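The values are calculated or read from the model by the stated rules, or taken from the named source; none is laboratory data. Every value quoted in this text rests on a predicted model; they were computed, and no experiment measured them. Quick reminder, even Gly has a Cβ in these numbers, built from the backbone with ideal geometry, and neighbours come from all protein chains shown. Only protein heavy atoms, including side chains, enter the accessible area calculation; ligands, DNA and RNA are left aside. Shrake-Rupley method; radii C 1.70, N 1.55, O 1.52, S 1.80 Å.
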Amino acid sequence: MHTLPTIAPERLPDLLAASPKAELHIHIEGSLEPEMIFALARRNGVALPYDDVEALRRAYAFTDLQSFLDIYYAGASVLLHEQDFYDLALAYLARGATDNVVRAEIFFDPQTHTARGVSMETVVRGLHRACVDARARFGISAALIMSFLRHLSEEDAFATLEQAMPLLDHIIGVGLDSSELGHPPEKFARVFARCRQLGLHVVAHAGEEGPPAYIWGALDVLHAERIDHGVQAVHDAALVRRLAAERIPLTVCPLSNQKLCVFPELAQHNLPQLLAAGLVATVNSDDPAYFGGYINDNFRQTFAALPALTAQHAWQLARNSFEASFAAEAERQAWQQRLEACFEQHAQRG
Ligand code: HPA
Ligand code: ZN
């Protein structure tokens with residue numbers, strides 16, 4: 001397709017929903033819905049400090065990243081057995097398929113589980129089996145990214161990598177998440193160097209709440225291939241130029257940013273600014289069970305709040321998600337063709 005077909009503005013919401021897309025920033029523990037927390041608590045005999053689903057949902061009022069993480073780690077305590085991890089991931093992938101996610105690169109936080117006595121093997125085998133089954137059942141391509149918790153030590157990250165060694169066939173890369181402020185990327189320089197030697201892809205959360213310096217650190221010290229969030233980059237013009245020149249993708253999560261008060265309102269989100277600067281920005285859900293929306297909710301609400309965003313941006317965001325993905329080139333080209341077909345269809349039927 002040489003020129004983008006004209007899309008009537010009223011068709012944009014449908015187009016956003018129907019568009020094939022890759023989701024590159026989703027924490028599987030963040031897709032644990034309150035209903036599943038209660039079902040797993042019952043199944044596993046785990047006591048919860050909330051009476052019911054509604055009481056738990058009422059606790060989802062966050063003021064910053066840490067206020068969210070405290071509840072998110074507590075919710076994950078119901079995950080004990082391989083089947084629990086399977087059920088969690090399969091539910092997310094089934095939901096993703098209805099949002100026309102064709103590719104999901106899924107973060108998991110093993111240290112949240114191994115610290116409670118759940119083995120690495122239990123976690124990875126359950127998640128991996130769901131990825132395999134989801135491909136057969138929903139036609140969705142899925143892969144796992146092991147994320148280190150940055151509030152813990154580098155030594156702890158090394159021990160986690162050691163536990164994952166026999167399972168590396170099931171893991172495409174590593175990431176860095178949890179409490180950002182006070183835990184710069186430099187803290188994990190050696191473990192990320194080792195991961196790169198092992199042939200793993202490298203990404204890192206940076207510039208969600210933290211300063212541009214953390215994004216520089218993720219690039220220069222960790223050699224991150226993508227930056228998760230990265231929205232604080234706009235405060236450093238040289239950094240924006242670098243990200244654009246090197247086509248380093250940003251996995252932006254608008255509803256997450258709003259719920260964690262990174263931006264007071266979606267209408268103030270800087271996604272249009274990031275795209276205007278030529279950055280390879282993508283839209284993702286982060287922790288959909290906690291932030292009130294899956295990927296299509298993120299697209300719909302963000303475009304509704306920001307009239308500057310048009311069909312041209314919808315096109316760019318989907319394209320960016322394929323470019324930023326770690327999938328094989330042939331797969332990425334096939335998704336790009338589906339994107340073109342989807343746009344043609346929405347233009348013609350108007
Ligand atoms: N930031 C850091 N750590 C996280 C997040 C996030 O948005 N979600 C889950 N763990
Ligand atoms: Zn995240």
**Study point:** Single match in E23, E29 (criterion: touching a Leu at 6+ places or on another chain (Cβ under 8 Å), of a type outside the set (A, V, I, L, M), within 16 Å of ligand 2 (Cβ to nearest atom) and outside any loop (DSSP other than H, G, I, E, B))
**Key:** E29
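From the list I37, I26, I7, which one is open to solvent by less than 40 Å² (accessible area, probe 1.4 Å) and within 13 Å of D84 (Cα to Cα)?
Only one candidate passes the filter, namely I37.
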Review point. Under 6 Å by Cβ, and 6 or more places apart or on different chains, what pairs join a residue from region 225-243 that is of a type in the set (G, A, S) with one that is within 14 Å of ligand 2 (Cβ to nearest atom)?
Key: G230/G207; G230/L250; A233/G207
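Quick grid of which residues meet (1) over 18 Å from A206 (Cα atoms); (2) among the basic types (K, R); (3) open to solvent by less than 20 Å² (accessible area, probe 1.4 Å); (4) outside any strand (DSSP E or B):
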| site | (1), (2), (3), (4) |
| --- | --- |
| D228 | no, no, yes, no |
| V234 | no, no, no, yes |
| V240 | no, no, no, yes |
| V262 | no, no, no, yes |
| A267 | yes, no, no, yes |
| G278 | yes, no, no, yes |
| T282 | no, no, yes, no |
| Q301 | yes, no, no, yes |
| P307 | yes, no, no, yes |
Exercise for review: Considering only region 132-153, state which residues are closer than 20 Å to V202 by Cα and out of contact with any Ser or Thr (no Cβ under 6 Å at 6 or more places or on another chain).
Suggested key: S141, A142, A143, L144, I145, M146, S147, F148, L152, S153
Check your understanding: So H113 fits all but one of (1) within 16 Å of ligand 1 (Cβ to nearest atom); (2) free of Cβ contacts under 8 Å to residues at least 24 places away in the same chain; what number is the exception?
Key -> (2)
Revision key, fill the gap. When every residue in region 70-109 that is over 16 Å from the mean Cα position of the chain (by Cα), within 16 Å of ligand 2 (Cβ to nearest atom) and not aromatic (F, W, Y) is compared, the one most open to solvent (accessible area, probe 1.4 Å) is D70
Check your understanding: Only one residue in L279, L260 is closer than 22 Å to R319 by Cβ and either more than 15 Å from ligand 2 (Cβ to nearest atom) or in contact (Cβ under 8 Å) with a residue 12 or more places away in the chain (or both). Which one?
Key -> L279
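Looking only at helices (runs of 4 or more DSSP H) that lie completely in region 134-226, which have at least 3 residues being among the basic types (K, R) and modelled with pLDDT of 95 or more? Walk me through how you get there before you give the answer.
Numbers: elements: 154-164, 189-197, 212-220.
Filter on region 134-226 gives 189-197.
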Check your understanding: What is the residue count in region 154-187 for residues that are of a type in the set (A, V, I, L, M), closer than 15 Å to T112 by Cα, in contact with a strand residue (DSSP E or B) (Cβ under 9 Å, 6 or more places away or on another chain) and more than 16 Å from ligand 2 (Cβ to nearest atom)?
Key -> 3
